[in-house]
1. Please give the contour-minus-distance gain from ASP3 to ILE70: 0.36 nm per residue of separation, less the Cα-Cα distance, rounded to one decimal in nm.
2. Which part of the stretch 132-147 falls in the paramagnetic zone of ARG166, meaning amide N under 15 Å from the point 7 Å along Cα-to-beta-carbon?
3. In sequence order, what are the phi-derived ³J(HN,Hα) couplings for the stretch 18-27 according to the Karplus relation 6.51 cos²θ - 1.76 cosθ + 1.60 with θ = phi - 60°, rounded to whole Hz, with x for glycine and proline?
4. What are the ³J(HN,Hα) couplings of the stretch 164-175, residue after residue, when phi is run through the Karplus curve with 6.51, -1.76, 1.60 and θ = phi - 60°? Round to Hz, x for glycine and proline.
5. Which FRET efficiency, nearest 0.05, do LEU143 and PHE30 yield, Cβ-Cβ r, R0 45 Å?
6. Can you list the HN-Hα couplings for the stretch 60-72, worked out from phi with the Karplus curve (6.51, -1.76, 1.60; θ = phi - 60°), rounded to whole Hz and with x for Gly and Pro?
7. Under 5 Å between amide H atoms, partner at least 5 residues away or on a different chain: which partners does LEU156 have, H built in plane at 1.01 Å?
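Just so it is clear, none of the values below were taken in a lab; they were calculated from the coordinates. Every value quoted in this text rests on a predicted model; they were computed, and no experiment measured them. All Cβ positions, glycine included, derive from the backbone under ideal geometry; neighbour counts span all protein chains shown.
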Amino acid sequence: MPDRDAEWLAVLPPTALFVQALGLSLAIGFALGLISGLTAGLLGLLASPADTARAVSPLAILDTDRATVITRGVTLMTSAILVVLLFAYTYLETAAAETWKYVAITVMIWLPVSPLAIFLSSWCWLLITRLWLCTSGRLPWHLMAFLEEAHQRGVLRQTGAAYEFRHARLQEQLHAPSPQGQSPPD
């Protein structure tokens, strides 16, 4: 056992070790609880479902959703950094070297939270799906311009934030599976 650890175990009585560990554990628990509470509160506040019936256009609702997701990620990152800095400042004067270990652990736990808030959102899933379908050639690269042009030509109608087929037969024709052995026309 290293001399520093042996000295720490031999010099301090068990009650002092327990009190020191309990204080640090409570501080870390408070910091993580504060960040979790802020995260849950902001997620509940910012993740309200969009009202698609009153939306001006599908593009407007996508822009609003993207802005909400990015705001959520930045807010979570900022709150996590502020709580970690507050925790570090509080314990910087009492136990300098050992405290930074716990500050580093807290940072490693909470810094991935804001990217996860963005990656697990519906906007990011839409972005990933669109990129995948565009690269595989199943969807046009400029999807919103394509849908808007189809709307202007009378193929689609816009109801709130959604496009619908104007003609039921066209929808049935596009939905029908292609016969075996035939490839769809280019």
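1. Values: separation 67, 0.36 × 67 = 24.12 nm, distance 4.93 nm.
Residue separation times 0.36 nm, minus the Cα-Cα distance, leaves 19.2 nm.
2. Answer for this model: 147.
3. Listing the rounded values in order: 5, 5, 5, 5, 5, x, 5, 5, 5, 5 Hz.
4. 10, 5, 6, 10, 5, 5, 5, 5, 5, 5, 6, 7
5. Working: r = 46 Å, r/R0 = 1.03.
According to the calculation, E is roughly 0.45.
6. 5, 6, 5, 5, 5, 5, 4, 5, 5, 5, 5, 4, 4
7. Here HIS151, ARG166 satisfy the definition.
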